[in-house]
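To start, the structure itself, in C-alpha cells.
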Amino acid sequence: MRLYDNNFAPSPRRVRMFLAEKDLLVTLHAVDISTQENTSPEFLKINPLGELPVLELDNGTYLTESLAICRYIEVLYPEPCLMGQGTLEKAKIEAIALQLMFRIYVPSTHAFRNLHKFWAGRISQVIEYGKLARDEALNEWQRMNDLLATQTFMAGEHFSYADIIAFTTLEFGKPSGIRVQPNQVNLTRWYNTVAARPSAKA
Ligand SMILES: N[C@@H](CCC(=O)N[C@@H](CS)C(=O)NCC(=O)O)C(=O)O
C-alpha cells in the first residue's frame, strides 16, 4: 500500500496517525500542495478532486477520503480497535467523528483559508468570514471541553478514531488562532493525553 501524503495537511495526518496506532508501515508519497502538485494532470488521474490523502492498494485501486481509508484499514487490521466494538460504540464514535468533521474541522479549514498568509494571493480571502469561522470552531471546542468533563476520550472511555480527528484538527487550527483556552481544563487534560501517544508524532 502507498499513501499519497502531505506533511502539513490535517487529512493525510489523520490517516498517518491511524496507521501509527495500528503499528502499520506504508510507503509515503509526498505531494506538494504549496506548488499545486495536487492539481497536476498526473495527480488528478489519481484523485479528480485534487485532494489528499489517497491510499493506493497493491492491486492499483485508489481509495480517497480519510474516513473511508481508515475504515478500510480497520477492517483489514482490527487490532487495536479504533472504530468501536459493537453496534452502539461504533455509532457513538461515528456521531462524534461527524460532529468534529462538520462543526469544527470544516470551519477550521475556512478560518485557515481566509485568515492565513499561506493562502494570501492564492485565493481571495474574506477576513470577516475567516474570523466568524474561527469563532464557530472555538465555540465548538468549548462544547468539547464540557463533554470531556465526564469522559476520558471524545467518544467515551476508549481512545478512538474520534480522538484522532479531534487531535489533528486542533493542531491544524493553531496557526489560525484556534487553540485550547487556558480555562479549558478538560480539553487540556485530553490534549496532553493524546499528545503523549507515539502516534501523535505521525
Ligand atoms: N474529506 C477529505 C478532505 C481532503 C482534503 O480536504 N484534503 C486537503 C488537505 S487536508 C487537500 O488535499 N487540499 C488540497 C487543496 O486545498 O488544494 C478527507 O477527509 O480525506
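Since every read-out is calculated from the coordinates, none of them should be taken as a lab result. This is a predicted model, so every value here is computed, not measured. Heads up, the Cβs are rebuilt from the backbone with ideal geometry, glycines too, and the neighbour counts pull from every protein chain shown.
Listed values, structure above:
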| quantity | calculated |
| --- | --- |
| At R0 = 22 Å, FRET efficiency that the Cβ-Cβ distance of Asn7 and Ile123 yields, to 0.05 | 0.55 |
| Distance in nm between pseudo-label sites at Ala196 and Leu98 (7 Å out along the Cβ direction from Cα) | 3.4 nm |
| Expected 222 nm ellipticity per residue - DSSP helices of 4 or more, -39500 (n - 2.57), all of the chain, to 500 | -15000 deg cm²/dmol |
| Fewest-first sequence of Met144, Met101, Met154 by Cβ atoms within 10 Å of each Cβ | Met101, Met144, Met154 |
| The stretch 2-76 - share of DSSP beta bridges that are antiparallel (%, nearest 5) | 60 percent |
| Cross-link reach list, aspartates and glutamates versus Lys131, counting only Cα pairs under 12 Å and skipping chain neighbours closer than eight places | none |
| Estimated FRET transfer efficiency (Leu49, Thr150; beta-carbon r; R0 25 Å; 0.05) | 0.05 |
| Nearest-0.05 FRET efficiency for Asp32 and Leu132, computed from C-beta distance (R0 25 Å) | 0.25 |
